[in-house]
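Beneath this line is the structure, given in structure tokens, with notes to follow.
The values are calculated or read from the model by the stated rules, or taken from the named source; none is laboratory data. Because the structure is a prediction, the values reported are computed rather than measured. Don't worry about glycine lacking a Cβ; one is built from the backbone with ideal geometry, like all the others, and counts go over all protein chains shown.
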């Protein structure tokens with residue numbers, strides 16, 4: 001005997017409309033899928049059927065439904081802070097100043113710069129990570145600005 005299948009019964013026209021808009025025009029594919037899932041569940045699909053439609057576990061579907069019940073449409077949106085955090089941060093002045101100084105001293109050998117970053121900051125970075133950091137600094141407009 002398993003758990004009782006969750007079913008969303010009462011949706012106002014406003015909620016249906018916001019779910020349809022989220023399904024059609026949402027920024028992330030996952031958000032659009034969650035909106036679609038809620039609409040399908042409201043129309044009578046079971047969590048098991050939805051899990052096969054969306055190719056996710058039944059637990060994921062149940063989690064989406066709980067998020068909808070507790071927080072509404074905002075609960076379906078992705079929260080900030082997901083993913084891996086950067087090793088070097090453009091917001092930390094110590095990182096910016098150290099990297100600027102090291103790159104100015106040896107601009108043609110980034111492998112040597114990565115080794116020096118590890119010595120000075122204790123952060124192991126690859127050449128690719130360093131290039132990405134420098135690109136982000138440049139896009140922020142403060143890479144090698146004259147003070």
Inset, instruction - Could you please find all residues in the stretch 128-147 being closer than 23 Å to residue 112 by Cβ and at pLDDT below 60? - result: 143, 144
Legend entry - Scope the stretch 61-94; condition assigned to a helix (DSSP H, G or I), free of Cβ contacts under 8 Å to residues at least 60 places away in the same chain and in contact with a helix residue (DSSP H, G or I) (Cβ under 7 Å, 6 or more places away or on another chain); matching residues: 61, 62, 64, 65, 67, 73, 75, 76
